Structure formats: structure tokens, C-alpha cells
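Below: one structure, written as C-alpha cells.
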Amino acid sequence: MAQEPKSDEVAVEAPAKSSKKKLIIIIAAVLVLAGGGGGAAWYFMHQKSDPKKEAKHEEPAHAPVFVTLETFTVNLQPDPDEKFLQLDLSMQVDNAEEAELLKGQMPAVRNRLLMLLTSKKATDISSSEGKKQLSEEIIAEVKKPFSAGAKPQKVSGVFFTSFVIQ
């Protein structure tokens, strides 16, 4: 008879050990998840306080300023046939003051661009590389000062809105 209670005691102790293991595993899993969640929260909370990123957000964003020119229609250099170019473009400038300066000098701007455009052949400007090169040349022409001692214009881009060669 004395042996029977021992078997009951063993039977009672075995489930207690397995439930303790389950409890330890559950507690460990909860701690791992809580630690991971806390680490993620810390990462995202401190990610916003990066001074480099804050400096970018502090700068006031301003809309780009464009100056749209009237349509250009020019004869191109013979190649071997006579062709002409009809072109609409807009120029991006740094601010409204630059836009007003360009508008005030529009006859000089158009003259510079007409001289540049009439020096081109259709084969020079019909490819995408040719158009990119033409865009860079237009920027270089417009940036030149309009008078001796004047500052160069601040043109940051040229955008073709219509480009027809016939």
C-alpha cells in the first residue's frame, strides 16, 4: 500500500513539471515579443529625430517657376533637304524674380535661341540625345548675362512642350 501513494505522487508531479515548462515557454515567448515590439517602437520613435531629415523638412518648399516662350518656327540647316522646326518650350528658373528678368529681356532671349536653333540640322536634334544636347545648349545661351558686368541668369531646366521637324 505504501507504494500506491508514491505512484500517485509521481503521477501528480509529472503534470506539474510539464505545465511549468509550458509556462516558462509562454513567458519567454511573451518577453521576446515584448522586447521586439519595444525595440521596434524605439527605432521608429528615434528615426524621426534624425537631424539630417529634420533639416530637409524645415526648408520651405516652393513651387517651381516656369517661363513659357512663344512658339519658335525656324528653318534648319539643309541636310540634304530643307527642313523646318516648330518648337514650344518652357524654362524653369529659381524664383519669380528670375522669371521677371527673363520676361523683361525676352527679345534678347528669343534672338539667342533663334540663332542657336537655325544653326542645327534635323539629324542633330531628331534623336533623344540630340534633344538633350539642345536643351543643355539652350540653358547655356540663356544663362549668359544680357549686359557687361551683369550676373548670369539662373535657369535650371528646359522643357520641350512641342517639337516638330518637317
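Based on the Cβ-Cβ distance from Glu97 to Ala34, what FRET efficiency comes out when R0 is 45 Å, to the nearest 0.05? Plugging the Cβ-Cβ distance into 1/(1 + (r/R0)^6) gives 0.20.
Pairs spanning more than 26 Å between alpha-carbon atoms, out of Lys83/Lys151; Lys121/Lys144; Lys121/Lys151; Lys131/Lys154; Lys120/Lys151: Lys83/Lys151; Lys121/Lys151; Lys120/Lys151. Annotation: for a label point projected 7 angstrom from Cα along Cα→Cβ of Phe160, residues of segment 92-117 with backbone N closer than 18 Å are 92, 113-117. The Kirkwood hydrodynamic radius of segment 65-165, based on inverse pair distances between different Cα atoms, is 14.0 Å. Here r is the Cβ-Cβ distance between Glu136 and Tyr43 and R0 is 35 Å; the resulting FRET efficiency, rounded to 0.05, is 0.20.
Every number in this text was worked out from the coordinates using simple rules, so none of it is lab data. The model shown is predicted, which means the values in this text are computed figures rather than measured ones. Ideal geometry is used to build each Cβ from the backbone, glycine not excepted, and the neighbour counts take in all protein chains shown.
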